[in-house]
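The values are calculated or read from the model by the stated rules, or taken from the named source; none is laboratory data. Not measured: the values here are computed from a predicted model. Every residue, glycine among them, receives a Cβ derived from its backbone with ideal geometry; neighbour counts consider all protein chains shown. The protein model used for the area step is the full one, side chains on, heavy atoms only, and it has no ligands, DNA or RNA in it. Shrake-Rupley method; radii C 1.70, N 1.55, O 1.52, S 1.80 Å.
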Amino acid sequence: MPSLIVEPLNTQHFIMDRDDRKRNKNMDAFMYFLSLHSGKNFMCRLQCMFSHSSSSESRLSLEDTQQWSQSLERLLESKYGLATFRNFLKSEYSDENIEFWLTCEDYKKIKSSFRMSSRAKKIYEQYIKAESPKEINIDYHTREQIKRNVKTPTMHCFDDAQKMVYGLMERDSYPRFLRSDIYRTLLENLAADATKG
């Protein structure tokens, strides 16, 4: 299987908040390991990336990985699934949708109206505005509605676009991910390890 070559992330055009920087740093390291390793070494690195976690999902299992095929929601709920899916999308140069979706999830957690206003403008400039660096594929009407909403932002001003992007991923990227070499190889390696005991 040919290894994936992951380009380093481009310098961000906007200063993102602390949560984004932390998430991007962890994901960059994870994607680096994903791109360099396959088979057992890949799985070892994958598990090592999250071994500091105290959650019940501290080890990648065949059962968990098989559950990713049940729904996009199930895939995104798994830290391993999300990281693997992001790497897959990055390899196809189509990671703007998952990045936007995750950014919206973080945006909805903002409590400060000043911070919400600032963040909404950054999201608009980065993902919504025509010709933006990571422009997502949404219709004109939704783009214009968001342009108006950003002037007096609420936690729901990106909901329509987020739903559209989720639908696009569910119909297009997610089925391709399930057929991808990276997912199939991961399943095969986990199955082989499970039969060995």
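A few remarks follow.
- Taking the average, over residues, of other Cβ atoms within 10 Å as the packing measure, peptides 153-165, 178-190 rank 153-165, 178-190 from highest down.
- One chain, two ends: Glu135 and Ser69. Fully extended at 0.36 nm per residue, the span grows by 21.0 nm beyond their Cα-Cα distance.
- Rh by Kirkwood over Cα pairs, then Stokes-Einstein D for the range 155-195 at 1.306 mPa s and 10 °C, µm²/s: 129 µm²/s
- On the beta carbon distance between Ala191 and Tyr93, with R0 = 35 Å, the FRET formula returns roughly 0.70.
- Each residue of the range 149-159 is assigned a 3J(HN,Hα), and the resulting list reads 4, 5, 5, 9, x, 10, 5, 10, 5, 10, 4 Hz, derived from the Karplus form 6.51 cos²θ - 1.76 cosθ + 1.60 (θ = phi - 60°), x at Gly and Pro.
- For the range 131-180, the square roots a ≥ b ≥ c of the C-alpha gyration tensor eigenvalues yield an a/c of 1.5 or more together with a/b exceeding b/c, which makes the shape prolate.
- Here the gap between Thr152 and Ser61, fully extended at 0.36 nm per residue and compared with their Cα-Cα distance, gives a gain of 28.3 nm.
- FRET efficiency for the Ser113 to Arg179 pair, using the beta carbon distance and R₀ = 41 Å, is estimated at 0.40.
- For the range 120-125, 3J(HN,Hα) per residue [Karplus equation, 6.51 cos²θ - 1.76 cosθ + 1.60, θ = phi - 60°, Hz, x = Gly/Pro]: 4, 5, 5, 4, 4, 5
- Shown here are the Rg and Dmax of the Cα trace of the range 100-197, at 18.2, 59 Å.
- Largest accessible area first, the listed residues Glu73, Glu96 line up as Glu73, Glu96 when surface is computed with a 1.4 Å probe on the assembled protein chains.
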